[in-house]
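Accompanying notes for the structure given below.
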Amino acid sequence: RICLFGSSVLGESTAGYFPTAASWQAFLDQCGFNGHVESVAHIINKHIYGNPCSHRTTALLKDDIYFEEERNWNALRATFSPEPVPFERFLSWSQEKSGSRKKRLPGLGPLMGYLLTADMVYTGLVKCPTVQEMGKLIYKNHLGSYAALVDIGQISGTFTTEADVITAFERVYDTLYNVLDPDSRSLIVYDTIIVEHLLCKYQRVVRHKMS
C-alpha cells in the first residue's frame, strides 16, 4: 500500500510479500532501482491515489522501519488472539507514533491506513468493520463516500452529524443488501468495505456517464 500499490513493476512481478529487509533489498536490486527518477517511477506510482503524493519518494524504499515494526504488530495480534484484531484498533495502531518517530509506518496517511486495514480484513487478521464503525469512519474522513451520500440525498452535508452519517450508511447498506440476491452478494463478497468502496466510486461513475 505504501510503496508498490499501482506500480508498473507489478506488471512484471507478482512479488508482494517480503519477510525481511534483505528480501526487500534484493527485490529493489532486481528491479534496477538506483535512486534515479526513472527507476523510482518504475516502482512508486505517485498518482495512484489521485493527486501526486509528495511523500512517496525514494526514502520509503530505503526504510527498514516497516520490518522493525513487525514485533509491535505481533504484540498487537497477541493481545486479541485467538480473535482477529478489531478494525478500529488496527486502524488507530497504523496511525500511531512509535518511539521517537512521528509515524509508526512512514507514508501511511489516513486514507492509506484505512485501505491497509481493509486489506488486513481480507487476510482474516482484522475484523470486518460494523455498519456503525464504517459510518463513523466515513464521517471522520469526509472523502468520496461522504460526498456520495450527499449526492444521493442521504445526508445534507450541512450540519451533518456522525449519527446522521451512520444512519445514512446503514440505510444504503440495507437497501443494497435487499436488492441483491444471495448469489450476487456472495460473488462480490458483500460487506461494509465493499459498500463504502461503491460509494467512493459514485462520483467517478457519474462523471463517466456525463462525458
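Listed values, structure above:
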read-out	value
Number of the condition not met by Ser184 [criteria: (1) out of contact with any helix residue (DSSP H, G or I) (no Cβ under 6 Å at 6 or more places or on another chain); (2) buried (at least 17 other Cβ atoms within 10 Å of the Cβ); (3) in a helix (DSSP H, G or I)]	(2)
Residues that are of a type outside the set (Val, Ile, Thr), in a helix (DSSP H, G or I) and more than 15 Å from Phe90 (Cβ to Cβ), drawn from the stretch 137-158	Tyr139, Lys140, Asn141, Gly144, Ser145, Tyr146, Ala147, Ala148, Leu149, Asp151
Long-range neighbours under 6 Å by Cβ, at least six apart or interchain, first residue within 23 Å of Gly153 (Cα to Cα) and in contact (Cβ under 8 Å) with a residue 60 or more places away in the chain within the stretch 171-198, second open to solvent by less than 80 Å² (accessible area, probe 1.4 Å) and part of a helix (DSSP H, G or I)	Thr192/Val131; Thr192/Met134; Ile193/Ala118; Val195/Tyr173; Glu196/Met134; Glu196/Ser145
Lone unmet requirement of (1) open to solvent by 20 Å² or more (accessible area, probe 1.4 Å); (2) under 30 Å from Ile65 (Cβ atoms); (3) touching an Asp or Glu at 6+ places or on another chain (Cβ under 9 Å); (4) assigned to a helix (DSSP H, G or I) for Met134	(1)
Every residue from the stretch 83-96 that is without any contact (Cβ under 8 Å) to a residue 24 or more places away in the chain and over 12 Å from Glu69 (Cβ atoms)	Arg89, Ser92, Gln95
Long-range neighbours under 8 Å by Cβ, at least six apart or interchain, first residue among the charged types (D, E, K, R) within the stretch 131-159, second modelled with pLDDT under 95 and buried (at least 16 other Cβ atoms within 10 Å of the Cβ)	Asp151/Tyr202
Qualifying residues in the stretch 120-131 (those that are of a type outside the set (Gly, Ala, Ser) and in contact with a Pro (Cβ under 8 Å, 6 or more places away or on another chain)) - the one surrounded by the most Cβ atoms within 10 Å (Cβ to Cβ)	Val126
Qualifying position, being open to solvent by 50 Å² or more (accessible area, probe 1.4 Å), closer than 26 Å to Gln95 by Cβ and at pLDDT 95 or above, among Thr192, Thr161	Thr161
Residue, least open to solvent (accessible area, probe 1.4 Å), within the stretch 71-90, restricted to residues that are more than 16 Å from Leu116 (Cα to Cα) and among the charged types (D, E, K, R)	Glu83
Test: residue in the stretch 162-178 that is of a type in the set (Ser, Thr, Tyr) and within 21 Å of the chain's Cα centre (by Cα)	yes
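For every residue, the table says whether it meets (1) closer than 30 Å to Pro129 by Cβ; (2) at pLDDT below 85; (3) within 19 Å of the chain's Cα centre (by Cα).
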| site | (1), (2), (3) |
| --- | --- |
| Gln30 | no, yes, no |
| Val37 | no, yes, no |
| Arg56 | yes, yes, yes |
| Asp63 | yes, yes, no |
| Trp73 | yes, no, yes |
| Phe80 | yes, no, no |
| Val85 | yes, no, yes |
| Gln95 | yes, no, yes |
| Lys103 | yes, yes, yes |
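The values are calculated or read from the model by the stated rules, or taken from the named source; none is laboratory data. Remember, predicted model here, so these are calculated numbers, not experimental data. All Cβ positions, glycine included, derive from the backbone under ideal geometry; neighbour counts span all protein chains shown. Note: accessible area is taken over every heavy atom of the protein model, side chains too, but ligands, DNA and RNA are not part of it. Shrake-Rupley method; radii C 1.70, N 1.55, O 1.52, S 1.80 Å.
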